[in-house]
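One structure is given here, and the rest of the page talks about it.
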Amino acid sequence: MPPPWSPKLAVDKEKFSEGVKNGAKTVFYKKCKIEYYAECKSVDGLVKRITLYHDYRRIMTKEIRSYYSNRKDKLVVRRRFPYEFKLIEQYESFAPTHWKKMIQVDGHSRKLYFYHHRVKDGLIYREE
């Protein structure tokens, strides 16, 4: 069989492993900004960050959602509400702490929701 007429394709291994150009990509929408990051490049495992705004000029932040992968504590999503001083974290079920969700309001309260298959005590909800 004759060789193909097109030249041989070459892709840099580093660029291919990143998945996004230069390890990060930012896309702007009307009241939203989405940042994509390379899978295993960041230390904390950040893969995607979505920032939601109140206004079209993107000045007042309503919510910041951060998506993670390949973390030791199995954190999946962290949602921050800066003007409410509120933080919500969601975990996978294989985490050693077996936390399902943590809702924390700075200086007021902290609520922990556990998975039902937790160790022996059967604790599902705790509020501090």
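Out of curiosity, is R65 modelled with pLDDT of 95 or more and not aliphatic (A, V, I, L, M)?
Answer is yes for this residue.
For the stretch 39-85, how many residues meet the condition of being among the hydroxyl-bearing types (S, T, Y) and over 11 Å from the mean Cα position of the chain (by Cα)?
Residues flagged as among the hydroxyl-bearing types (S, T, Y) and over 11 Å from the mean Cα position of the chain (by Cα) within the stretch 39-85 amount to 6.
Can you find a residue that is touching an Asp or Glu at 6+ places or on another chain (Cβ under 9 Å), surrounded by 15 or more Cβ atoms within 10 Å (Cβ to Cβ), more than 14 Å from L46 (Cα to Cα) and aromatic (F, W, Y) anywhere in the stretch 67-81?
Yes.
If I ask for residues that are part of a loop (DSSP other than H, G, I, E, B) and of a type in the set (A, V, I, L, M, F, W, C), which ones from the stretch 77-107 would you list?
F85, F94, A95
So is I64 free of Cβ contacts under 8 Å to residues at least 40 places away in the same chain and touching a Pro at 6+ places or on another chain (Cβ under 9 Å) or not?
yes
Under 7 Å by Cβ, and 6 or more places apart or on different chains, what pairs join a residue from the stretch 108-125 that is assigned to a loop (DSSP other than H, G, I, E, B) with one that is surrounded by 13 or more Cβ atoms within 10 Å (Cβ to Cβ) and at pLDDT below 80?
Pairs found: Y115/H98; R118/H98.
Restricting the search to the stretch 14-44, which residues are at pLDDT 90 or above, part of a loop (DSSP other than H, G, I, E, B) and of a type outside the set (K, R)?
Y29
Which of the residues spanning the stretch 53-78 are of a type outside the set (V, I, T) and under 19 Å from I103 (Cα atoms)? Outline the logic, then answer.
To start, the set of residues in the stretch 53-78 that are of a type outside the set (V, I, T) comprises 53-58, 60, 62-63, 65-75, 78.
Once the filter is applied, which keeps residues that are of a type outside the set (V, I, T) and under 19 Å from I103 (Cα atoms), the stretch 53-78 yields K62, E63, R65, S66, Y67, Y68, D73, K74, L75, R78.
The values are calculated or read from the model by the stated rules, or taken from the named source; none is laboratory data. Here the structure is a predicted model, which means the values were calculated and not measured. FYI the Cβ positions are ideal-geometry reconstructions off the backbone, even for glycines, and counts take in every protein chain you see.
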